[in-house]
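Please treat every number below as a calculation from the coordinates, not as lab data. Given the structure is predicted, the values throughout are model-derived calculations rather than measurements. So basically every Cβ, Gly included, is an ideal-geometry build from the backbone, and we count neighbours across all protein chains shown.
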Amino acid sequence: QVQLAESGGGSVQPGGSLRLSCAASGIIFSVYAMGWYRQAPGKQRELVARLTSGGSTNYADSVKGRITIPRDNAKNTVILQMNSLKPGDTAVYYCSAGRLGAQSWGQGTQVTVSS
């Protein structure tokens, strides 16, 4: 059973940084594609960043240049490093693990960007 636990959310002023962490268990972590998604109030969940098991990445256009998604296969952890945060980045952020068409989700962590 896949278990994903996010941490690191919180409140930050515009221009600030946050580092989200997702610890995975119950899977062979290195063969999974890992991703971060977000959902703002009244909006659909959207992809923020995704990292395949082979190391390929893709980012939402709105976050390119401001966000990176390193993973540590030895620690079964994927990070979302967010810099130059904007109020529009305010959302609940979810970690996901995907393989062979199946996707699992964490419970989410709130990120609020406000002055």
Study note, to complete from the structure: Across 15, 101, 35, the residue with the highest GNM fluctuation in the chain (Cα network, 10 Å cutoff) is 101
Study note, to complete from the structure: Taking every other residue with Cβ under 15 Å from the Cβ of residue 32 and scoring Lys and Arg +1, Asp and Glu -1, one gets +3
Review point. Roughly what would the spin-label model give for residue 81 and residue 60, points 7 Å off Cα along C-beta, in nm?
Key: 2.0 nm
Check your understanding: How about residue 86: which lysines have a C-alpha closer than 18 Å to its C-alpha, ignoring those fewer than 8 places off in the same chain?
Key -> 43, 64
Check your understanding: Given a Förster radius of 30 Å and the C-beta distance between residue 112 and residue 52 as r, what FRET efficiency does 1/(1 + (r/R0)^6) yield to the nearest 0.05?
Key -> 0.50
Study note, to complete from the structure: Under a Gaussian network model of the chain whose springs join Cα atoms within less than 10 Å, the largest fluctuation of 33, 74, 91 belongs to 74
**Study point:** Simple Cβ-charge dipole of the stretch 25-68, Lys/Arg +1 and Asp/Glu -1, about Cα centre, in debye nearest 20
**Key:** 120 debye
Exercise for review: Would you mind calculating the relative contact order of the chain from Cα pairs under 8 angstrom and at least 6 residues apart, reporting the percent as a whole number?
Suggested key: 36 percent
**Study point:** Dipole magnitude of the chain, debye to nearest 20 (Cβ charges: Lys/Arg +1, Asp/Glu -1, about Cα centre)
**Key:** 100 debye
